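Nothing in this text is a laboratory measurement; each read-out follows from the coordinates by a stated rule. Quick caveat: nothing in here was measured; it's all calculated off a predicted structure. Reconstructed Cβ throughout: ideal geometry from the backbone, glycine too, with neighbour counts over all protein chains shown.
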Amino acid sequence: MKDGTAHTLTCDILAGCDGFHGVCRPAVPAGALTTYDHIFPFGWLGILSESPPIREMTYANHDRGFALCSRRSMKISRHYVQVAPDEDVSRHGLSRSAAQSGLSTPAGHTVAGS
């Protein structure tokens with residue numbers, strides 16, 4: 001549906017690469033959807049912070065894993081740290097309840113979980 005008008009897409013292959021919770025999956029008719037996925041041996045601890053953004057997206061690759069810092073807006077930054085799927089993320093200084101409710105870091109930045 002675009003501008004109140006229904007449109008039909010006719011094709012041999014459609015790749016909806018917008019993630020599990022994206023708009024593509026529910027738009028495909030029942031019985032016509034084939035999904036493929038790959039389970040990686042790690043997860044991500046994602047931290048959304050109200051903090052001065054970094055100028056450029058920054059990646060770090062280390063023997064202990066991968067990390068990423070990115071700017072979401074002029075006031076919001078997003079940080080990811082690679083973790084094991086069964087890892088206790090409290091070792092990173094955030095408990096699940098603290099991340100969900102929001103907290104202040106020693107530097108005065110607000111951290112909020114999703």
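Among Leu33, Leu48, Leu9, the order by Cβ neighbours within 10 angstrom, fewest to most, reads Leu9, Leu33, Leu48. Note that the stretch 41-54 has calculated 3J(HN,Hα) couplings of x, 8, x, 10, 9, x, 10, 9, 10, 8, 7, x, x, 6 Hz, one per residue in order, obtained from phi through the Karplus relation 6.51 cos²θ - 1.76 cosθ + 1.60 (θ = phi - 60°); glycine and proline are x.
Highest mean packing comes first when the peptides 15-23, 79-87, 52-60 are listed by Cβ atoms within 10 Å, giving 79-87, 52-60, 15-23.
The label-point distance for Thr8 and His38, in a model that sets each label 7 Å from Cα toward Cβ, rounds to 3.6 nm.
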